[in-house]
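Quick notes on the structure that follows.
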Amino acid sequence: MPNADLLWTPFGVLKHATALRARLGTVWTAERQRVFLWVPVLFGAGSGLYLTLPVEPIGWIAPVAAGLFALAALVLRRNTAAALGLVALALFAAGVGAADWRTDRVSAPVLAEAIGPVDISGRVVWVGAGDGPQRYLLDRVSIEGLAREETPERVRLSVRSAVPDGVAAPGSWLAALASLRPPPAPAEPGAWDFARQAWFQRIGAVGFVYGAPEPMAAPEGEGGGMLSALSQVRHWVSARILARTTPTSGPFAAALLTGDRSAIEKTRLQAMRDSGLAHLLAISGLHVGLVAGFIFFAARGLLASIEPVALRMPIKKWAAGCALLGAAAYLLLSGMSVPTQRAFVMVGVVLLAMMLDRASISMRLIAWAALLVLTIAPESMLGPSFQMSFAAATALIATYEAARRPLARLAARGGLALRPLVYAAGVALTSLVAGIATGPFAVYHFNRIADYGLLANLGAVPITGFWIMPWGLVALVLMPFGLEGIALAPMGWGIDAVVWIARSVAAQPGAVTLVPAMPAAALLAIVVGGLWLCLWRSRWRFLGIAVIGGGMVMAGLDRRPDILVDGEAKVMAVRGADGELWISTRQRGRFVSNAWLRRDGQAEALTWPRVGEGAPAAGLRCDTLGCIQRRGDRTIAFVRDPRAFAEDCSRASLVVSAVPAWDLCSGPETVVDRFDLWRSGGHAIWLGPDGARVESVAESRGRRPWVARRGTDR
């Protein structure tokens, strides 16, 4: 028998199976210390599955399954492979159960339909300290005409008018005339679901105020609380910063120290995004680490200067304790966002290890931080903040695990003269790795890539680390004494330099690349491949590169819809022969149409022709009753007036109607009318040789607690 056929004999199969088992045993011996790193991955995968299910699972199934899998793993603990598989299933089920429990725990009334104008009153939970239009978050809400059990627990209001004294701070009470509606559904199937995010924040309605709100006295017995007090402190600190700085530097200083971005001018914020420096405004590991490090070295230096204390006491541990308290205070002051929570957990573990004379393991730190954040808030699994924060941290730790020794040898050989170059190389490597790690999430959530982000970070990160943040911490220390201006002035100089870098880089041609939306399956493949590459240490980790490549291929092959329709029938869009998206109007539904353009990777809007005119590139021609698009031998009708049905329904293969079709349009293969939009939300339509494929927002969201349910009968 030829040698090539030996594999298929029983002896050959047994031989190769034995060799594979031995190889896997060797890999297991090398990687067993890294298995724990997959605990938050499996737990988070369960939470992510729950949040994206089309139906609500039975509540008791997940915890019971987790317990049974864990018990079976304990029974089969001598069989390593079986036990690990069962533990993985238990962790996955635990993630499902945690997300289910969290969903039930935050359950609160959601407004069923749009109402207004109505009288509303409530307590201000949070409002930015900046001037101009603001968003108010209210709790203890009372709404005219709504029973207590139907009233949302929290409401978010946009206020554009000047606000009287007494209602511009957390803890105050206000009354206003407002228009309210339920939290908005996704702009198209698969887009970001704000209603799901609002559910976990207990926001049951959003809207806007007519005129200006009026101050009112707090109802009897309605006090504050710790969270209210923290919001008041944050607002007070932000207001003090804005009052003692320039209009350019003040808003950025407030964002860095309290997380309040409300005063940042839109063009400057856009410049930060386009230059790849927006991460400097999100309080994360860089900021918390700088605060903790500054406090640690300052406290240790102070204690070392007191000879009796330095000789007899563990000043290093005392300094670590001071740094831990300072980092905790900064966490509370900054609003406790997900990146700040992750950074605090990591810094806290390092400081605790220092206090307990234990060595800290970096990758285990990120695993513990992720597990803690997911346990507290499983819904953060799907948010860009969690994803980008942990992706950057995981990739950086994995990179420096491999590069630490070469960089250390390079610095040691060069002495002091070479250390600035090593630092610059470290900043460049950090920016490059973080940019690559967060790039897929930036594409998925924001549809943009900052092409010159590495260049901007080389200049801005050192200024932030060595100048801006130390002066900011000094300003916070001096603020109770009214002396914060001493530190805010030099802090502002550094901020001005960073803003100049951002605007200069963003102004360069090609600074930003707009890209179409990435399908969730492609992002999932890239994430799995990236985790496989970062969490393992053996050579088999490089299999993750193939999985990442597969995800990128999936992203490149994805096809955007040919037709998009808003759920309120205010705006429609079609894809022209040139591949560009053409929007029916920019006078209405601007938020939705902007989301379509962003997800299409398109910078400028092309609008449908006026009545009596045509747009050859889009294949469109319009009259007073609607528009017709011709695509090859296919005719698509967009109806504005029921009088168009008689003609359009007889010749079109697909009809999209902003008015109810009833039984007036039975000829076309596919009809999407006002009732379909009212019942199922926005629609996306793909045109193919076999007809049209239609997907609605309701179909993509399923029947979940945060999804408003509409009637099924016409």
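A compact table of results
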item: Solution diffusion estimate, µm²/s, Stokes-Einstein, the range 517-577, Kirkwood Rh from C-alpha pairs, 4 °C, viscosity 1.567 mPa s; result: 95
item: Probe 1.4 Å, all protein chains present, accessible-area order of Glu307, Glu31, Glu379, largest first; result: Glu307, Glu379, Glu31
item: Relative contact order of the chain, pairs being alpha-carbon contacts under 8 Å that are 6 or more residues apart, as %; result: 11
item: Nonlocal amide H pairs with Thr607, under 5 Å, H built at 1.01 Å; result: Ile583
item: Contour minus Cα-Cα distance for Ala489 and Ala603 (0.36 nm per residue); result: 37.3 nm
item: Inter-probe distance in nm under a simple model that places probes 7 Å from Cα toward Cβ, at Asp104 and Arg590; result: 4.4
item: Linear extension gain, Met216 paired with Arg181, 0.36 nm per residue minus alpha-carbon span; result: 10.2 nm
item: Proximal charge balance of Leu620 [Cβ under 10 Å; K/R count +1, D/E count -1]; result: +1
item: Free-standing Cys, the chain [no other Cys Cβ under 4.7 Å]; result: Cys322, Cys534
item: Contact order normalised by residue count of the range 492-612, Cα under 8 Å, 6+ apart, percent; result: 22
item: Estimated [θ] at 222 nm from DSSP helical runs (n ≥ 4, -39500 (n - 2.57)) normalised by residues in the chain, nearest 500; result: -17000 deg cm²/dmol
item: Distance in nm between pseudo-label sites at Arg364 and Arg34 (7 Å out along the Cβ direction from Cα); result: 1.6
item: Eligible aspartates and glutamates near Lys266 by straight Cα distance, threshold 20 Å, same-chain separation 8 or greater; result: Asp131, Asp274, Asp496, Glu604
item: Taking N as its residue count, the alpha carbon Rg of the range 29-170 over 2.2 N^0.38 Å; result: 1.62
item: Those aspartates and glutamates that a straight Cα-Cα span of less than 16 Å connects to Lys316, excepting residues fewer than 8 apart in one chain; result: Glu307, Asp357
item: Whole-number percent relative contact order across the range 608-714, with pairs defined as alpha carbons under 8 Å at least 6 apart; result: 13
item: The range 643-714 - convex hull of the alpha-carbon atoms, volume per residue in Å³; result: 91
item: Convex hull of the range 52-106 built on C-alpha atoms - directionally averaged projected area, nm²; result: 3.9
item: Residues Ala521 and Ser666, FRET efficiency given R0 of 30 Å [Cβ-Cβ distance, rounded to 0.05]; result: 0.25
item: Other-chain or far-sequence residues with amide H under 5 Å of Ala175's (modelled H); result: Glu214, Met216
item: Per-peptide average of other Cβ atoms within 10 Å, ordering 109-118, 654-663 highest first; result: 654-663, 109-118
item: Under the span-like rule (Cα at least 24 Å along the axis, Kyte-Doolittle mean at least 0.0), DSSP H helices of the chain; result: 10-31, 80-105, 226-243, 285-304, 315-333, 338-355, 384-446, 485-506
item: Heavy-atom SASA rank of Asp451, Asp260, Asp690 (probe 1.4 Å, accessible area, largest first); result: Asp690, Asp451, Asp260
item: Amide N of the range 651-675 lying under 17 Å from the label point, which is placed 7 angstrom from the Cα of Glu113 along Cα→Cβ; result: 660, 674-675
item: Segment Arg202-Ala428, extension gain: residue separation times 0.36 nm, minus the distance between their alpha carbons; result: 77.3 nm
item: For peptides 393-399, 642-648, sequence by mean Cβ density within 10 Å, most packed first; result: 393-399, 642-648
item: Solvent-accessible area per residue, Å², over the range 438-556 with all protein chains present [probe radius 1.4 Å]; result: 47
item: With every protein chain in place, the chain: carbon and sulfur % of accessible area (1.4 Å); result: 63
item: Where labels lie 7 Å past Cα in the beta-carbon direction, separation of Leu71 and Val55 in nm; result: 2.7
item: Exposure rank, largest accessible area first [Val574, Val309; 1.4 Å]; result: Val309, Val574
item: Projected-area average for the range 483-600 over all orientations - Cα convex hull basis, square nanometres; result: 14.1
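The values are calculated or read from the model by the stated rules, or taken from the named source; none is laboratory data. Remember, it's a predicted structure, so these values are computed and weren't measured experimentally. Glycine gets a Cβ as well: all are built from the backbone with ideal geometry, and neighbour counts include every protein chain shown. Only protein heavy atoms, including side chains, enter the accessible area calculation; ligands, DNA and RNA are left aside. Shrake-Rupley method; radii C 1.70, N 1.55, O 1.52, S 1.80 Å.
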